[in-house]
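> The structure follows.
The values are calculated or read from the model by the stated rules, or taken from the named source; none is laboratory data. Given the structure is predicted, the values throughout are model-derived calculations rather than measurements. Glycine also receives a Cβ, built like all others from the backbone with ideal geometry; neighbour counts cover every protein chain displayed. Just so you know, the surface numbers come from the protein's heavy atoms only, side chains and all, with ligands and any DNA or RNA stripped out. Shrake-Rupley method; radii C 1.70, N 1.55, O 1.52, S 1.80 Å.
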Amino acid sequence: MKTYWHHLFMRLLGLEGVPPPGLPLRTAASALAAIYGLGARARRELCRRQLLTTRRLPAPVVSVGNLTVGGTGKTPVVACLVRHLQGAGRRVAVLSRGYGGAHRNVTRVSDGA
């Protein structure tokens, strides 16, 4: 159904048959996404074969992050999650590996107190 509405909208704008702007950017992003996907699959396989170790923590963990540093809304999302979980009666701790994740150790930002 989306295709029908897309074509109708493009016809109304007089842009039917015109290539969408930013095609080179989307092509590059798709190529980078494929490379990232290969890396993610390789990491999962290494963990499955126990060549890359992971640690289990004694509590549920919610990880908020992405490849972008700064300005993507991670801190407000964490604050919202903390309020929601505390409102549900959960004890919440916020941990960080520091700006850019350069630190190997974890820093406690808040323990809920």
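> Which one of these does Gln50 not meet: (1) open to solvent by 60 Å² or more (accessible area, probe 1.4 Å); (2) polar (S, T, N, Q); (3) closer than 30 Å to Asp111 by Cα?
Exception for Gln50: condition (3).
> Still on this structure, please answer the following. Whether any residue in region 19-26 is modelled with pLDDT of 75 or more, surrounded by 10 or more Cβ atoms within 10 Å (Cβ to Cβ) and not in a loop (DSSP other than H, G, I, E, B) is what I want to check.
yes
> Would you pick out the residues in region 59-86 that are of a type in the set (Gly, Ala, Ser), open to solvent by 70 Å² or more (accessible area, probe 1.4 Å) and at pLDDT 75 or above?
Of everything in region 59-86, just one residue is of a type in the set (Gly, Ala, Ser), open to solvent by 70 Å² or more (accessible area, probe 1.4 Å) and at pLDDT 75 or above, namely Ser63.
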